[in-house]
Amino acid sequence: MHTATEGTAPTGLSVATDSAPGFAAHTAPVDPLVIDGVALGSRLIMGTGGAPSLDGLGAALQASGTELTTVAMRRYSPETGSSLFELLEDLGIRVLPNTAGCFTARDAVLTAELAREALGTDWVKLEVIADEETLLPDAVELLDATEQLVRRGFKVFAYTNDDPVLALRLEQVGAAAVMPLGAPIGTGLGVLNPHNIELIVSRASVPVVLDAGIGTASDAALAMELGCDAVLLATAVTRAQDPVRMAAAFRHAVAAGRLARGAGRIPKREHAQASSPMAGLAGAAG
Amino acid sequence: MKVRINGRPAVLDDGATLRDAVALTIGRELDDAGNPRDGRRLGVAVAVDADVVPRSNWGRTAVVDGTDIEILTAVQGG
């Protein structure tokens, strides 16, 4: 043991520094994400997929600081009952049901309706995939399903390709948020096309959530630095060797990325630029 | 009568309603509005022949022989 806290992941979202007392920006929490009039204190949306146990999942969700989490809708089984729903109720985390496994707009609409009835929310993470090999969104079905669900009163969080044109189209048909992938689901490859993500962000007037492909904390920080409003991830935490510690890492990474985006980074330069004065060097002539 | 619940054969009393089918499946008592008597939220939804039946209608929706009932809940997913 190096320190008394080793083995316990830090869970506090404190971006304060002791070195700058009185500087409010250092102690202020990250600004909330507002979607459909609801303010979420965390810009990390952690999915529940991939966790080997419900206890471990609960601990990771808490360590992540998330206030919104995804679930899938499946047949009720007597063995597990509604234990996940009860866990999330106990933790006070808002539920974002997904339409995972749907290949058509028709299936996605039915799944969303079932989720609204079961969970009492009209928020839905709309996922309409093209095939099981790539799990990539089917743009045609996705756009159709978004239109249908918006008409039915849903707040659609559209999981989409990193396609700036499609992102705008989804917004135009009423998506509450667009969620471009960083990389295919479960790959952990990070943000493969940062340029497209920046382009999507620069033209969007609804929140942009980087969804899928995140592998580690720096991927999430990058997404936020590119201007995304939030990051959604699941297996990067739930399948990490230490999910609770990784959840805490993401909590800090998302906050750090948000702060860095707001702080305004220095421009990249071709050549070195000294930050120490050259004048007054010991032994210099003059 | 014989029905299917989540793809499995099940037997319900004649005159049973959807509410009876749900209560039997999840092992909780439901009131007239379809809410559990244990005071917690239910967290399940029902589809019959690919149409969602709102909870408030369960008590007055008669089940007939051969009905295909799907009862869904939230599971882990990203």
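Below, the figures for the structure above:
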quantity	calculated
Nearest-20 debye value, the protein assembly as shown charge dipole, Cβ charges on Lys, Arg, Asp, Glu	820 debye
Top positive-direction residue, dipole computed over chain A with Cβ charges, set A:I185, A:L135, A:M246	A:M246
Per-peptide average of other Cβ atoms within 10 Å, ordering A:59-71, A:135-147 highest first	A:59-71, A:135-147
Residue-averaged [θ]222 nm for the protein assembly as shown, counting only DSSP H segments that reach four residues, each worth -39500 (n - 2.57)	-9500 deg cm²/dmol
Along principal axes, Cα extents of chain B, largest first, whole Å	33, 30, 20
Dipole magnitude of segment A:58-109, debye to nearest 20 (Cβ charges: Lys/Arg +1, Asp/Glu -1, about Cα centre)	260 debye
For segment A:33-135, with +1 on Lys and Arg beta carbons and -1 on Asp and Glu, the positive-most of A:S77, A:V124, A:S53 along the dipole	A:V124
Cα-based Rg of segment A:220-286 normalised by 2.2 N^0.38 Å, two decimals	1.82
Area of A:S82 that stays accessible when all protein chains are in place (1.4 Å probe, Å², to 10)	10 Å²
Longest segment of chain A lacking trypsin sites (Lys or Arg not before Pro) that sit in a DSSP loop with at most 11 other Cβ atoms within 10 Å	A:1-264
In segment A:65-117, the chymotrypsin sites (Phe, Trp or Tyr not before Pro) that fall in loop regions by DSSP, at most 16 other Cβ within 10 Å	A:F103
FRET efficiency for A:L189 and A:D90, using Cβ-Cβ distance with R0 set to 30 Å, rounded to 0.05	0.30
For the protein assembly as shown, the spread of Cα positions along each principal axis, largest first, Å	107, 50, 36
Charge dipole (chain A, unit charges on Cβ, about Cα centre) - positive-most of A:T111, A:L149, A:I200	A:I200
Gain upon complete extension [A:S276, A:Q172; 0.36 nm per residue less C-alpha separation]	32.4 nm
For residues of B:29-36, the mean tally of beta carbons on other chains within 10 Å	0
Per-residue mean of C-beta atoms belonging to partner chains within 10 Å, peptide A:113-121	6
Computed FRET value (nearest 0.05) for B:R40 with B:D68, which takes r as the C-beta separation and R₀ as 30 Å	0.60
Neighbouring partner chain Cβ atoms per residue of B:41-49, average, 10 Å criterion	6
Candidate lysines for bridging to A:K125, where Cα separation is under 26 Å - those fewer than 8 sequence places away on the same chain excluded	A:K155
³J(HN,Hα), Karplus 6.51/-1.76/1.60, whole Hz, each residue of segment B:45-61, x for Gly, Pro	10, 10, 10, 10, 6, 6, 10, 6, 10, x, 3, 5, 9, 4, x, 10, 9
Rg to Rh quotient for segment A:36-191, alpha carbon positions, Kirkwood Rh	0.95
Nearest-20 debye value, segment A:93-252 charge dipole, Cβ charges on Lys, Arg, Asp, Glu	540 debye
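The values are calculated or read from the model by the stated rules, or taken from the named source; none is laboratory data. On a predicted model such as this, the values are computed, not experimentally measured, just so you know. Positions of Cβ are generated from backbone atoms using ideal geometry, with glycine treated the same way; all protein chains shown enter the neighbour counts. Quick note on the areas: whole protein, heavy atoms, side chains included, nothing else; ligands and nucleic acids left out. Shrake-Rupley method; radii C 1.70, N 1.55, O 1.52, S 1.80 Å.
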